[in-house]
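Data first, discussion second: the structure below is written as structure tokens.
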Amino acid sequence: MTFDLECRNVSKQFGDFQAVNDISLEIPAGSFFSILGPSGCGKTTLLRMLAGFSEPDQGEILIKGKKMAGIPPNKRPVNMVFQHLALFPMMNIGENIAYGLKRNKVPKQERDKKVADVLERIDLPGIENKSVHQLSGGQKQRVAIARCLVLEPDVLLLDEPLGALDLKLREQMKVELKKLQQAFGTTFIYITHDQSEAMVMSDQVAVMNHGRFEQVGSPQSLYYQPNTAFVAGFVGNNNRIEGVVESIVGETAIIRSDAGQQFKTTFPEATLHSGQQVHLYIRPEAIHIRRDQNVTSENHINGRVESILFDGGNSQVLVKDTESSQELTVSLPQTREFNDLTAGEMISLSWDIRQSNVFSANNKSEP
Amino acid sequence: MNGKKLSFYLLLMPLLLTLALLILLPQLDMLGISLRERVSYGVYEFSLLHYQAFFTEPLYWNTFVRTAVMSILATALTLLISFPVAWYIAKIAQGKNKNLMFLACLIPFWVSELVRTYGWMILLRESGVISGFLQWAGLADAPVEMLYNDITVMTGLVYTSMLFMVVPLVSTLEGMDDSLVEAAYDLGGNHFTVLRTVIVPYAVPGIVSGCIVVFMLTLGNYLTPTLLGGKDSLWFTEQIFTQFITRFNWEQGAAFGVLLLCLSSLIVWLGLKLSKQSFKQAMTSDA
Amino acid sequence: MIPSIPQSRAFQKTYAVYVGLFFLFLLAPLVVVAVFSLNDSLFPSLPWEGFTLDWYFADDRERRGLFHDGALLESIVTSLVIAVFVALLAVALAITNALLFERYHFKGKQFLYSLMLLPLVIPGVILGISILSFSSGIANTIEDSYGLDLEFLRPGLPLIVLGQFAFISTMATLVISARLRKLDTEMEEAALNLGASRLDVFRTITLPWLKPAVIGSAVVAFLMSFENFNTTLILAGSDSPLTITLFDRMREGSTPVLNAVSTLLMLGSGMLALISIFIQRK
């Protein structure tokens, strides 16, 4: 099987700085693939090598099975949507979209037809003669994508194009981008530091840190089964508790936190041993919150509400364990039950042993 | 990328050629000429004769010092006169008025220095407009000659330099947030302390680049001192011109050129040092 | 102080009067020049003898108007030719310089940039004499060894053009670089990414973006050249440009025809200024 895009052990160094470190990936045709990572993780460098703006020091890049080494950016079958879109201000929309066709010597009539078609497909028919500044942020976004898709590239690269939009529009564009990708069937490679963008749109997400891929997988697997502490901390929110492995019983480990509490957790592989320093991760939304203090559960804390961070559906409560003064962030369910919760109230928290993840503490690459 | 390398060298070439052929080699050549003495036709020897002449002939010396002092004075005066105007344009005038005033400041640039100086001659000469006005108003009973003295030369120099001070000042001051001034007042400052502690320090880059340009232009000026100061205006560029063109004594003229260049470099360097600015910042702040 | 800070009325009034006087100071000499070009007298001075256009159009022995003064007209043409060459050369070099400094990273870039700025702090007279002595030196050497007299290395139009070009190109470089700096490199990369060659990118993206700055700096370069005196004075040969002709006449004793030329110059510059402002706004 040939992939639309393949990287084999690609590395890139700037002076002493290893920007991209031995990356390999394979992307099947027609998928939406995201590279997610904090700024400076090397994702832009990787993308620029795919586009041909720089060459890898080691390794090779293949597009549709063809090696790309030495092929300049204007000869590669990939197109790119830039961070600030890079719509040419001195041309109107029609000229912008026709730009690549014109460079490929497509005759004028066919060009006009293709431009009209693609504008139709992005739901902006007949805007050829408008100038760039007459469009809204979302429209510019779509035009920038159309300008690439009209060339029918094998792969479309997107460099955080939603970064400049305001929150509402960004939410809307996420859905729209996904729809466009499905409609055109082109392989999208999307880089971003915003985990929500990556999760909502992608078939596959690679989480990148310090020039390496920490984990590649579906959004669900990244969320539920993070392989590394970095992924656990970067994808979604998490509470982190530091402690030591006290004992291991089958697939369950008992952790004693530095603050003195005891927690049980499952762990994926035989990677833990007694006495090991570990970090335990529990998502705020995985924690049950009850007013009844007499609950028995394998992981259970009685605590005092320190403060309520009200934010509609994303509201959270800061709770302090009465015994150890460990602080935990907990999602506040909007089921009416807790609408009158106030600071100072005593509540109980509990969670399933399969809902927490544990990683060795000497992992230096934590977010 | 090979194409990129090639285009780099193609772009580098014209600049290197220009700098080498029109700036660096001619300056070095001038230095070389200043350090030689003609022994006989076409035969030259290394000599410091022409620098010696400069230090032993009081006329040269005095002209040199006089030019430097007058240039510094003209620069300071230009700054003093321009600052309030720049402030008015940057902070007080609004909308259309502001644009109009700024454009008006540029007018002298659009008119040749020769024409500007000619205007002053018509205003100031014995049969000129101001003399006529004074007689008409009964303030003088005979025509007054106002040309050919130092004050007139100074007026002309300041006038010619004004724009090069106002423009960088306006662009620096416009970049200053009004709330800085408001905050300073809010914290108990008065007009003077706010000016001294907030506004002037903020404007330093503009002041420095304006002063350097004005100083350079004044020091190198030839027209204004010659036309407004007459025969005795004693400006150093006139000396250079006389040696080079009138007396055909290139060696002496080149030595004067080198001395003037040293003087201007020294003063610019001192100015940059005192104000802790870099040459590049100062030269590009108004562009 | 800024309008939001309270201050006395007297202070505000004084300040406004000061600014008014400044502009009077700025404009007075120019107005006087223009007005006296219309004085019906043999001298550009008081008393006012009445209105006339003689100093533009008359063709007598005593009063030769500007449009019949062959020497003046010729020197205007000379100046125009010089200015056109200087503007073209300066803008061409400025474009290559801007691309070099804004689009390439190389060793010694800072140093080269400082060297490029140098002509701004070399007095015009010195620039003139150094170029004159250097080119004469070359010309003499060639003449002595090959018996060849290279006319263009002697004072004259080519040397004037080179001398002015040496510092005017620096100014143009500053203007065009500033504009290029505002063009996000993303734009050029996007064009490459869409299949354009390097030349295509320059032709379809970079140059159209630079157009206002190119036109603006060409106009300014033209004017700076037309008005230049110091460097030109040293390098001028037998065909003297307008500023040199005017200077000579001014020292001989002026007639209102000089006012007429000056007025015409002001009108011309004004028109150019308006055109360039109009283009920059667009």
Quiz prompt | Entirely in region B:97-205, the helices (runs of 4 or more DSSP H) that have 2 or more residues that are within 22 Å of C:Leu24 (Cβ to Cβ) and not basic (Lys, Arg) | solution = B:113-124, B:129-136, B:150-174
Quiz item: Quick one: C:Phe22 ticks every box in (1) part of a helix (DSSP H, G or I); (2) facing another protein chain (nearest Cβ under 7 Å); (3) exposed (fewer than 14 other Cβ atoms within 10 Å of the Cβ) bar one, so which box is it?
Solution: (3)
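Report whether or not B:Leu21 is within 14 Å of chain C (Cβ to nearest Cβ) and hydrophobic (A, V, I, L, M, F, W, C).
So B:Leu21 passes the test.
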Quiz prompt | Residue among A:Ser54, A:Ser24 that alone is under 19 Å from the mean Cα position of the chain (by Cα) and either within 14 Å of chain C (Cβ to nearest Cβ) or over 28 Å from A:Leu165 (Cα atoms) (or both) | solution = A:Ser24
Quiz prompt | Of residues in region B:163-182 being more than 10 Å from every other protein chain (Cβ to nearest Cβ) and of a type outside the set (A, V, I, L, M), the one surrounded by the fewest Cβ atoms within 10 Å (Cβ to Cβ) | solution = B:Asp177
Practice problem: With respect to C:Leu210, determine if the residue is assigned to a loop (DSSP other than H, G, I, E, B) and more than 7 Å from every other protein chain (Cβ to nearest Cβ). | Solution: no
Exercise. Inspect all residues belonging to region B:16-27 and state whether any of them is in contact (Cβ under 8 Å) with a residue 40 or more places away in the chain and buried (at least 16 other Cβ atoms within 10 Å of the Cβ).
Key: yes
Exercise. Looking for whichever is under 23 Å from B:Leu103 (Cβ atoms) and within 12 Å of chain C (Cβ to nearest Cβ) here; the options are B:Tyr159, B:Tyr185, B:Tyr222. Which one fits?
Key: B:Tyr159
Quiz prompt | Residue identified as of a type outside the set (Phe, Trp, Tyr), in contact with a strand residue (DSSP E or B) (Cβ under 9 Å, 6 or more places away or on another chain) and at pLDDT below 90 among A:Asp57, A:Asp16, A:Asp4 | solution = A:Asp4
Exercise. Being more than 7 Å from every other protein chain (Cβ to nearest Cβ), β-branched (Val, Ile, Thr) and either more than 23 Å from C:Leu233 (Cα to Cα) or free of Cβ contacts under 8 Å to residues at least 24 places away in the same chain (or both) is the filter here, so list the residues in region B:108-151 that pass it.
Key: B:Ile130, B:Val144, B:Ile151
Quiz item: Just checking, how many residues over region A:150-179 are crowded, with 22+ Cβ neighbours inside 10 Å and part of a helix (DSSP H, G or I)?
Solution: 1
Quiz item: Within the bounds of region A:235-244, is there any residue that is of a type in the set (A, V, I, L, M), in a loop (DSSP other than H, G, I, E, B) and over 26 Å from A:Ser324 (Cα atoms)?
Solution: yes
Quiz item: Taking A:Glu337, is it farther than 30 Å from A:Ile248 by Cα, in contact with a Lys or Arg (Cβ under 9 Å, 6 or more places away or on another chain) and part of a strand (DSSP E or B)?
Solution: no
Quiz item: Quick one: would you say C:Asp239 is more than 13 Å from the chain's Cα centre (by Cα), modelled with pLDDT of 85 or more and among the acidic types (Asp, Glu)?
Solution: no
Quiz item: Just wondering, is there one or more residues in region C:154-173 that are modelled with pLDDT under 90, in contact with a helix residue (DSSP H, G or I) (Cβ under 6 Å, 6 or more places away or on another chain) and assigned to a helix (DSSP H, G or I)?
Solution: no
Quiz item: Given (1) surrounded by 16 or more Cβ atoms within 10 Å (Cβ to Cβ); (2) modelled with pLDDT under 90, where does C:Ala90 come up short, assuming only one miss?
Solution: (2)
Self-check item: Residue ID - surrounded by the fewest Cβ atoms within 10 Å (Cβ to Cβ), chosen from residues in region C:249-280 that are in a helix (DSSP H, G or I) and away from chain B (no Cβ under 11 Å)
Solution: C:Glu252
Exercise. Could you pull out the residue among A:Val244, A:Val235 that is crowded, with 18+ Cβ neighbours inside 10 Å and either touching a residue at least 24 places away in the same chain (Cβ under 8 Å) or closer than 16 Å to A:Val358 by Cα (or both)?
Key: A:Val235
Quiz item: If B:Val204 satisfies every condition in (1) within 13 Å of chain C (Cβ to nearest Cβ); (2) touching a residue at least 60 places away in the same chain (Cβ under 8 Å) but one, which is the exception?
Solution: (1)
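Residue-by-condition table, conditions (1) surrounded by 14 or more Cβ atoms within 10 Å (Cβ to Cβ); (2) touching a strand residue (DSSP E or B) at 6+ places or on another chain (Cβ under 8 Å); (3) away from chain B (no Cβ under 14 Å):
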residue	(1), (2), (3)
C:Leu30	yes, no, no
C:Phe43	yes, no, no
C:Asp60	no, no, yes
C:Asp69	yes, no, yes
Quiz item: Considering region C:129-178 alone, what residues qualify as being closer than 27 Å to B:Leu217 by Cα, more than 9 Å from chain B (Cβ to nearest Cβ) and small (Gly, Ala, Ser)?
Solution: C:Gly156, C:Ala172
Exercise. Select from region A:101-112 the residues that are more than 23 Å from A:Ala29 (Cβ to Cβ), outside any helix (DSSP H, G or I) and within 12 Å of chain C (Cβ to nearest Cβ) and list them in ascending order.
Key: A:Lys105, A:Val106
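Going through region A:115-131 one residue at a time, which ones are part of a helix (DSSP H, G or I) and buried (at least 18 other Cβ atoms within 10 Å of the Cβ)?
A:Val115, A:Val118, A:Leu119
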Self-check item: Those residues of region A:76-100 which are within 8 Å of another protein chain (Cβ to nearest Cβ), assigned to a helix (DSSP H, G or I) and farther than 21 Å from A:Tyr190 by Cβ, in sequence order
Solution: A:Tyr99
Quiz prompt | B:Ala53 over 18 Å from B:Ser233 (Cα atoms), out of contact with any strand residue (DSSP E or B) (no Cβ under 9 Å at 6 or more places or on another chain) and part of a helix (DSSP H, G or I) | solution = yes
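The values are calculated or read from the model by the stated rules, or taken from the named source; none is laboratory data. On a predicted model such as this, the values are computed, not experimentally measured, just so you know. Using ideal geometry, Cβ is built from the backbone for each residue, glycine included, and neighbour counts are taken over all protein chains shown.
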